[in-house]
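Structure below; questions to follow.
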Amino acid sequence: MPILRNTFSVFVILLLGYISVVSANPFESLVMPGKVIEGHKKYESDCSNCHKLFSKRGQDKLCLSCHKKVSKDVKGKRGFHGKSKSIRIAQCKSCHTEHKGRRVDIVKFEKEVFEHNKTDFRLGGRHKPLECHSCHKKNKKYRDAKSSCRSCHLKESPHKKAKAKKDRFKQCSDCHRATGWNKLVFNHTKKTKYKLTGAHKTALCQSCHINQRYKKTPKKCISCHKIDDVHRNKNGSKCNKCHTTKQWGKISFNHVRDTSFRLKGKHKKTPCKSCHSKISFKKKSKKKKRARKCFSCHSYDDKHNGVFGKKCNSCHHEKDWGWDETRFNHAKETKFPLKGKHKKIECDYCHKVSKKKKKLKSKCISCHKSDDVHNGNLGGKCNSCHTSVSWKKRIKFEHDLTHFPLMGMHSAVACEECHTSSGYKKIKKSCVACHKNDDFHKGKLGNNCDRCHTPNDWGVWFFNHNRQSRFKIRNSHKKVHCHSCHNESVIKVARKPRDCQSCHSTDDPHNGQFGSRCNDCHNTKDFSQINMK
């Protein structure tokens, strides 16, 4: 039995070998698990096109023998199949399973989850949100999409108008990035050896590179700024001697070093053309040097009409040409110190402009004659009363040195209250001269008001009844007002009756039966108290 069994096994093996050689196709079609896809249909009749007997890894080589582009990617370690090691060493059938029918998709490409970073073109910046069909055209393989910038952006390229190909850039990435087409990253310093500074940094490329010419661009200032040259090339072509790239109008010219004329004060801010009226700034000859005297520029500003000569700097300086900023020392030069309000007065207020130099009088009246309210009656020595701080305020006239010292309320009264005329002399000093209208007694007590009244207050008086009259005021009489007894305006106080009855007749309960000598029983403390003698 063992011999028969072994003999049968050998026979089967030989039979299978014979069948595989003689009639392989019909047999393989019997054992094939299913139909292949439409693209592989023509290879279906011969399994050896895709399968190698007893070799799994050999099958991958057969796949790559047909798919040459994929094979090239795997060997070159590029593209989707070559960049990733896990994909590069994997068996083809692990992703692409065959024998499932003619219309089955064995690629299994899912756009939504595909990792584009595993390809040769990493998606970054503005490329990320793009739809696949923006770059991958319909009915074309995804791998056939070109990855150069020009393949997509040629229509947008402003450089396509360049007249010569040599003037065009080869790689867009030299200047542009995927984050934004208009955001340039071109390193002008490294690439061209021409560093962009100041306003050049923000200048548009085409401002210098006319007609898209990017090679052999002239680097001299005059090549671009010829139209800005106000000197019309008379100062040469080395513009950077004076001008900077920060701003064409800002000059770096060192006036001290290059002209020996230091610019100070307002001269620093003065435009060049204010002094340099002609286009050229150079000296034509030694004889025709640029004028440096003040008068050469400021003759039109001379309010003195040349009366004080041409040495303007003896009074004026560069900070301000005006009168307020003059450095003329009035006290030292004229022996007339400017004080108070005189300090703020403009020069021409006192010094009137004339064609001849005139010595100005230093007396107050020479300027203030029109302000003299006294009309010259007090003379010309105004400073005896007035000060330069204020013409009307702080009058320093000492009234106490006159025959009428000011006391009390008189010191607060304005001068013109008493001095009604412009002349301040020969004024009457009696009280009644000013206070006639205030006289309650209507002149019947005479003109010696100061016997009772004081200048502190007209209503406060100091008449001593006991000393200045023959009727002494005692007790309750001290509280009685004057007009209680003096109910009429009298010429003399002494004529007023002094007996009690003259005032107290209405208070007499005796109706005159005891006579008029009330003081025999009554006293001044209290009329109701009786002191019988």
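The values are calculated or read from the model by the stated rules, or taken from the named source; none is laboratory data. Since the structure is predicted, the reported quantities are computational estimates derived from the model, not experimental observations. Here the Cβ is made from the backbone with ideal geometry for all residues, glycine too, and neighbour counts use every protein chain on show.
Quick one: is Pro158 out of contact with any Pro (no Cβ under 9 Å at 6 or more places or on another chain) and modelled with pLDDT of 85 or more?
No, not satisfied.
Still on this structure: Considering only segment 328-345, state which residues are part of a loop (DSSP other than H, G, I, E, B) and surrounded by 11 or more Cβ atoms within 10 Å (Cβ to Cβ).
Listed by number, the residues that qualify are Phe328, Asn329, Phe336, Pro337, Leu338, Lys339, Ile345.
Something else about it: So, of the residues in segment 405-417 that are closer than 16 Å to Cys385 by Cβ and either among the aromatic types (Phe, Trp, Tyr) or part of a helix (DSSP H, G or I) (or both), which turns out to be modelled with the highest pLDDT?
Ser411
So, one more: Pro129 passes all but one of (1) under 25 Å from Lys72 (Cβ atoms); (2) at pLDDT 90 or above; which number fails?
(1)
Filtering segment 248-278 down to residues that are at negative phi and among the small types (Gly, Ala, Ser), which residue is surrounded by the fewest Cβ atoms within 10 Å (Cβ to Cβ)?
Ser277
Since Ser390 meets every condition but one in (1) surrounded by 13 or more Cβ atoms within 10 Å (Cβ to Cβ); (2) closer than 20 Å to His342 by Cα; (3) of a type outside the set (Lys, Arg), which condition does it not meet?
Every listed condition holds for Ser390 apart from (1).
Separate question: Can you tell me which residue in segment 426-484 is surrounded by the fewest Cβ atoms within 10 Å (Cβ to Cβ), limited to those that are among the aliphatic types (A, V, I, L, M) and more than 28 Å from His403 (Cβ to Cβ)?
Val480
Step by step: first the residues of segment 245-262, then only those that are over 25 Å from the mean Cα position of the chain (by Cα) and touching a residue at least 24 places away in the same chain (Cβ under 8 Å), then the one that is nearest to Ala203 (Cα to Cα). Which residue is that?
Thr259
For segment 218-247, give me each residue that is exposed (fewer than 12 other Cβ atoms within 10 Å of the Cβ) and among the basic types (Lys, Arg).
Lys219, Arg232, Lys238
Among Ser299, Ser285, which is assigned to a loop (DSSP other than H, G, I, E, B) and either at pLDDT below 80 or more than 30 Å from Lys220 (Cα to Cα) (or both)?
Criteria check complete, one pass: Ser285.
I need a count of the residues in segment 232-241 that are in contact with a Cys (Cβ under 9 Å, 6 or more places away or on another chain) and in a loop (DSSP other than H, G, I, E, B).
Here the count works out to 3.
Anything in segment 104-148 that is at positive phi and not in a loop (DSSP other than H, G, I, E, B)? List them, or say none.
Matches in segment 104-148: Gly125 only.
Ok, one more. So if I check each of Lys191, Lys215, which one is over 35 Å from the mean Cα position of the chain (by Cα), outside any helix (DSSP H, G or I) and surrounded by 11 or more Cβ atoms within 10 Å (Cβ to Cβ)?
Residue meeting the stated conditions: Lys215.
Which residues, taken from segment 197-212, are touching a residue at least 12 places away in the same chain (Cβ under 8 Å) and either in a loop (DSSP other than H, G, I, E, B) or in contact with a strand residue (DSSP E or B) (Cβ under 8 Å, 6 or more places away or on another chain) (or both)?
Matches in segment 197-212: Thr197 only.
So which helices (runs of 4 or more DSSP H) stay within segment 13-78 end to end and still have 3 or more residues that are modelled with pLDDT of 90 or more and within 20 Å of Lys93 (Cβ to Cβ)?
56-66, 68-76
Does His96 satisfy the condition of being surrounded by 10 or more Cβ atoms within 10 Å (Cβ to Cβ), touching a Leu at 6+ places or on another chain (Cβ under 6 Å) and closer than 25 Å to Ser147 by Cβ?
So His96 fails the test.
Need pairs with beta-carbon distance below 8 Å; first residue surrounded by 12 or more Cβ atoms within 10 Å (Cβ to Cβ) and within segment 370-383, second aliphatic (A, V, I, L, M); sequence gap 6+ or separate chains.
From segment 370-383, the pairs are Asp372/Ile365; Gly380/Ile365; Cys382/Ile365.
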